[in-house]
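The block underneath contains the structure these notes are about, expressed in structure tokens.
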Amino acid sequence: MPKLEQLLKNLECKISEHETINTAISTANVGWQIEHILLTINGVVDALRNPRTAYKWSFRLPRILVFGMNKIPRGKAKAPKKVQPKGSFDVMNIKKQFETARKSIQLLQTLDKNLYFEHPFLGHLKLKQTKKFLEIHTKHHLKIIDDITQIND
């Protein structure tokens, strides 16, 4: 899981820019992007541990495209409400979420390979696919953060 851990370290370096926004890139500021990534990591790991239905493979073109391109196309989907930050950016809360995310990433290494979570667009993802999704998703939002902050430099 070193890739995801490194991405999390990169993300943590962006906290000081949490108020930065550029509506040409995103309607959300850097703080929203940071919190969204953390909510996603923590929420996905919780969902892996508590699947609601039996695993069922299904053909999903978006899954094939995302995993094949190793990236998420911008502006094609909206984050589910469960992983949308609510309220204003709170540095203390974010630091707690980072700690939870680190623990979640460590937990991923110990979970059964047959556990899965249900992604709203990609369908059921087993553990290996889930790890890859979390890396792709985190990179996607880090790129958005980089684009927001570059224009404002």
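Observations on the model:
- Residue count for region 1-22, restricted to those that are hydrophobic (A, V, I, L, M, F, W, C) and out of contact with any helix residue (DSSP H, G or I) (no Cβ under 7 Å at 6 or more places or on another chain): 1.
- Taking region 111-153 as the range and being over 14 Å from residue 3 (Cα atoms), part of a helix (DSSP H, G or I), hydrophobic (A, V, I, L, M, F, W, C) and modelled with pLDDT of 95 or more as the test, the residues that pass are 127, 144, 145, 148.
- Every listed requirement among (1) hydroxyl-bearing (Ser, Thr, Tyr); (2) over 24 Å from residue 122 (Cα atoms); (3) touching a residue at least 12 places away in the same chain (Cβ under 8 Å) is met by residue 23 save one, (3).
- Scanning region 38-92 for residues that are exposed (fewer than 13 other Cβ atoms within 10 Å of the Cβ), among the β-branched types (Val, Ile, Thr) and under 22 Å from residue 127 (Cβ atoms) yields 53, 64.
- All of 68, 87 fail the test of being on the phi > 0 side of the Ramachandran plot and over 15 Å from the mean Cα position of the chain (by Cα), apart from 87.
- Looking only at region 1-22, residues that are surrounded by fewer than 19 Cβ atoms within 10 Å (Cβ to Cβ) and either modelled with pLDDT under 95 or part of a helix (DSSP H, G or I) (or both) come to 11 in all.
- Any chance residue 25 is touching a helix residue (DSSP H, G or I) at 6+ places or on another chain (Cβ under 8 Å) and under 27 Å from residue 115 (Cβ atoms): no
- Condition met for residue 63 (touching a Phe, Trp or Tyr at 6+ places or on another chain (Cβ under 9 Å), among the charged types (D, E, K, R) and either within 18 Å of residue 140 (Cα to Cα) or in a helix (DSSP H, G or I) (or both)): yes
- Pair list, Cβ < 8 Å and 6+ apart or interchain, from region 118-140 residues that are aromatic (Phe, Trp, Tyr) to residues that are surrounded by 17 or more Cβ atoms within 10 Å (Cβ to Cβ): 121/63; 133/44; 133/66; 133/119; 133/122; 133/125
- When residue 72 is tested against (1) more than 25 Å from residue 27 (Cβ to Cβ); (2) touching a His at 6+ places or on another chain (Cβ under 6 Å); (3) aliphatic (A, V, I, L, M), just one condition goes unmet, and that condition is (1).
- Residues of region 23-59 classified as part of a helix (DSSP H, G or I) and β-branched (Val, Ile, Thr), total: 7
The values are calculated or read from the model by the stated rules, or taken from the named source; none is laboratory data. Please read these numbers as outputs of a predicted model, since none were measured by experiment. FYI the Cβ positions are ideal-geometry reconstructions off the backbone, even for glycines, and counts take in every protein chain you see.
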